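J.: Right, I'll just put the structure down here and ask away after.
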Amino acid sequence: MVKFILMSIVIFSASVRAQDRILSLGELQSHSTAADCWTLIDQNVYDITSYLSEHASAHEYSLVKWCGKDSSAAWKDKDGKAKPHSRKAENLLRKYRIGKIASVRN
């Protein structure tokens, strides 16, 4: 039982650290291919590499054009029909979050 609790704490801690990671815009932009795809939605960075093929086959829409870029507007305007993504999609997206984008100062 103690071993299980310790392993749970380690896994949770690693998850929290990954989600608190601050990434630069340059780092986001360097992950811009289907083999290594990060995208930005509302200041959060997501590594969606493993999800690309699933999305393309299930929704007949490739996300590759959003690799290394800010896809916030597309996320909020699904299919260009002023329709947001579903709650199911929001929940799925959470598992791909790897951090936040660094603030840009003027």
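J.: For the range 36-45, check the following and say yes or no: at least one residue is outside any strand (DSSP E or B) and surrounded by 13 or more Cβ atoms within 10 Å (Cβ to Cβ).
T.: For the range 36-45, residues outside any strand (DSSP E or B) and surrounded by 13 or more Cβ atoms within 10 Å (Cβ to Cβ): absent.
J.: While we're here: Could you say whether any residue in the range 71-90 is closer than 17 Å to ALA34 by Cα and without any contact (Cβ under 8 Å) to a residue 40 or more places away in the chain?
T.: Yes.
J.: Please enumerate the residues belonging to the range 63-85 that are assigned to a loop (DSSP other than H, G, I, E, B), farther than 20 Å from SER53 by Cβ and not aliphatic (A, V, I, L, M).
T.: ASP77, GLY80, LYS81, PRO84
J.: Something else now. Could you count how many residues in the range 56-86 are modelled with pLDDT of 95 or more and aromatic (Phe, Trp, Tyr)?
T.: Residues in the range 56-86 being modelled with pLDDT of 95 or more and aromatic (Phe, Trp, Tyr): 1 in total.
J.: Out of curiosity, is ALA102 over 12 Å from the mean Cα position of the chain (by Cα), at negative phi and hydrophobic (A, V, I, L, M, F, W, C)?
T.: When the stated conditions are applied, ALA102 passes them.
J.: Could you run through the range 76-101 and say how many residues are more than 14 Å from TYR46 (Cα to Cα) and surrounded by 14 or more Cβ atoms within 10 Å (Cβ to Cβ)?
T.: Residues meeting the conditions: 2.
The values are calculated or read from the model by the stated rules, or taken from the named source; none is laboratory data. In this text the structure is predicted, and so the values were computed from the model without any measurement. Cβ sites come from the backbone with ideal geometry, for glycine too, and all protein chains shown count toward neighbours.
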